[in-house]
Each structure stands twice: as C-alpha cells, then as structure tokens.
C-alpha cells in the first residue's frame, strides 16, 4: 500500500491531507494557500474571519462577509491551482449568508460541523463546490446522509470523522471524553459501515476522512489502512511559519506540556480542548464578565454565559495568550519547533510511506 491521492468528486489533492479549519484567524489565506501549494487541501476558518475589519464590533455580519471574501480571494491568488476550502460552524447565526458567499467565490470545498448542517446541500446545488459534514459517530453519519438524500437527493461529497483528541469544540459528551474515550479507528470503521448502504444504493464512493489527534506520518498511514481516504490535521500546522496566528500563539503550543492541556466548556455548552492559562483559571473562578456580545452563535445566551468566546479567541490569535482562549489538540505538547508547511507535509508523507513499506 502506498500513500495515494485524495479524491473528493472532481477535486483531486496530490496528498491525502486536509488542513483543518482553525478559528478565530488561525487558519486563513496564508496557511490555507501554503497547504494547497504543497499538495494538500487548505482550509480557511469561517469563524469570525472579519475580526481585523474596522467595523467588526459595530457591524459584525458585514465585517465577516467582507473578511471572508478577502481571505478566499487572497488564498486563490496565492494558490491558483490548489484546492481551497472553508470550514463553517453550523451554529453560527449568519450561516446561510457566509456559505452563500463562499459558494459565490467558488471555493472547492465546504466543511461544516458543530451541529449537523442540515440544509448545506441547498446552497451548492448546480455548483462545483463540494460539501463535507463533520461527524463523530456512524449514527451521525447515517443521519445526515439520510437527510441529505431524502430532502435534496444529495450524497455527502466526503465525510469528516472527528475523534475525541481534536482541539477546539468536540462532538462528544464530557463523560465520554473523560471516561469512555472512543478510539478514532473504531469511529472511522463505524462510519465506513454506516455509509456502505448509501454507496451501494447510489453507486458512488463517499470518502471518509479521519480527524482528531492525527499527528504523525504513522497516524496517517494507520488511518489509511483502516479504510479512510485521507486525514484532516490541524495542530501540526499551527507550528508553521505560514500559520496566520501571532507568533506568541505558536510559541504557546511549543512551550506547552501535556498537563497544560485540558477540557473546557464553551459558551454554547460544547466541550472543547484548550491550554490552561490565566484566562481559563479566571473563568473557573467565575470572575469573567461579557463586555460586548456579537450574537454570533445560536444557543449562546449573553445573560448567562461565563465569557464571550469571540473576544477570548481574538485575544489569543493576536498574541495575548494569557488572557485569551487557546484551543489545542491533545498532541499539541509534542511540538518543539516552527517549520515550513512544505517541509512538514513532506516529512509526514515520508514517514507514512516508510511505515507502510515495513508492513
């Protein structure tokens, strides 16, 4: 077995690596284009992409639409032949407008999670943009596929299977993340089994992409052996020169230790994985107060939520890593240097091929 291309419809990436979307502002045009130029699929985060716009606080929706448009166009300019996508949280309040803009700008792929993106096919019908939901179980994969085929006669162009070791928001209960931790390989197998009936019925392959804790070339190879068509990786790409985050954000990853990484609960009630810092400690002490609400997430009540996740994530991506929220994957502490995207991806593929040759 050798490392092969990743095919999502007519989109063919030389390497089976999707760089995960990281918001706010961690993966924008610079990182996404570098990954695309290196043969993978580069993903822009659709979470508050207009945070640098002057009217971000006063006209959040327009600022985000403008910011997203700029980032997509810049990424396409930097990687005219590469595959560029956008990741959207299904729970954002302006979801439809953001997705429509991405489709209008002819992005290659839209990935969507943090809730099931029930109406996503309606925005891409008749276009060349591919769509992939993020799921954390075979049941969820079956549910979204049944919904899309029944309502839109549309099969997912790919399915991202995110395991419990990912950074940021997680699709598991806190109990599962602490006690009955699922294995990504088992979840991938569960999803592969769940989509079989649809593949047979529609005579079409649904690429299953493994994500969450994929860190090394061996991890990539093992997922491919399991039957995954590719992997999605995020944490490794933070420690690259091309990552869009502030240098202090990258250093926070490199200087972290395993015991610094913990589970938190976000304002929307979802568990997440982040670095323990002054900010997290202050939230636990219940002395955080919201100063401004962006009304960006459905299910977030500013009257009761302990902090504004937008303000917390913007602070960290701009370099205030003590007073901001730093999402990180479970393997983030293993990073020890800043590298270039091209070198990282070459190293990962060489390691994966070496592992497979020994099998």
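Derivation of every value follows stated rules applied to the coordinates shown; laboratory data play no part. Quick caveat: nothing in here was measured; it's all calculated off a predicted structure. Cβ coordinates were reconstructed from backbone atoms using ideal geometry, including for glycine residues, and neighbour counts include every protein chain displayed.
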**Item:** Ellipticity estimate at 222 nm from DSSP helix runs (n ≥ 4, -39,500 (n - 2.57)) divided over the chain, nearest 500
**Value:** -11500 deg cm²/dmol
**Request:** Mind sorting 253, 333, 202 by how few other Cβ atoms lie within 10 Å of their own Cβ, fewest first?
**Result:** 202, 333, 253
**Fill in**
In Å, the C-alpha Rg and Dmax of the range 93-134 are 9.4, 26
**Item:** Global form of the range 1-141, assessed from the alpha-carbon gyration tensor, a/c cut-off 1.5
**Value:** oblate
**Complete:** For residue 323 and residue 2, extending 7 Å from Cα along the Cα-Cβ vector and measuring point to point gives, in nm, a value of 5.4
**Difference of contour (0.36 nm per residue) and Cα-Cα distance, residue 96 to residue 201** = 34.8 nm
**Request:** Give the shape of the chain as rounded, prolate or oblate, defined through the alpha-carbon gyration tensor: a ≥ b ≥ c are the square roots of its eigenvalues, a/c under 1.5 means rounded, and otherwise the shape is prolate if a/b is larger than b/c and oblate if not.
**Result:** rounded
**Item:** Computed over the chain: relative contact order in percent, which uses C-alpha pairs under 8 Å that are six or more apart
**Value:** 18
**Request:** At 0.36 nm per residue, minus the direct Cα-Cα distance, what do residue 151 and residue 137 gain on full extension? Give it in nm, one decimal, please.
**Result:** 2.9 nm
**Item:** Top of 279, 237, 249 by mean-square fluctuation, Gaussian network on the chain, Cα under 10 Å
**Value:** 279
**Item:** Ordering of 104-111, 31-38 by burial proxy (mean other Cβ atoms within 10 Å per residue, highest first)
**Value:** 31-38, 104-111
**Fill in**
Residues of the range 1-30 with backbone N under 17 Å of the label point set 7 Å from the Cα of residue 340 along Cα→Cβ are 30
**Message:** With both bridge residues required to lie in the chain, what share of the DSSP beta bridges run antiparallel, to the nearest 5%?
**Reply:** 30
**Message:** Can you compute the FRET efficiency between residue 104 and residue 286 using 1/(1 + (r/R0)^6), with r the Cβ-Cβ distance and R0 = 51 Å? Round to the nearest 0.05.
**Reply:** 0.75
**Message:** How would the range 1-71 be classified by its alpha-carbon gyration tensor: rounded, prolate or oblate, with rounded meaning a/c under 1.5 and the a/b versus b/c comparison settling the rest?
**Reply:** prolate
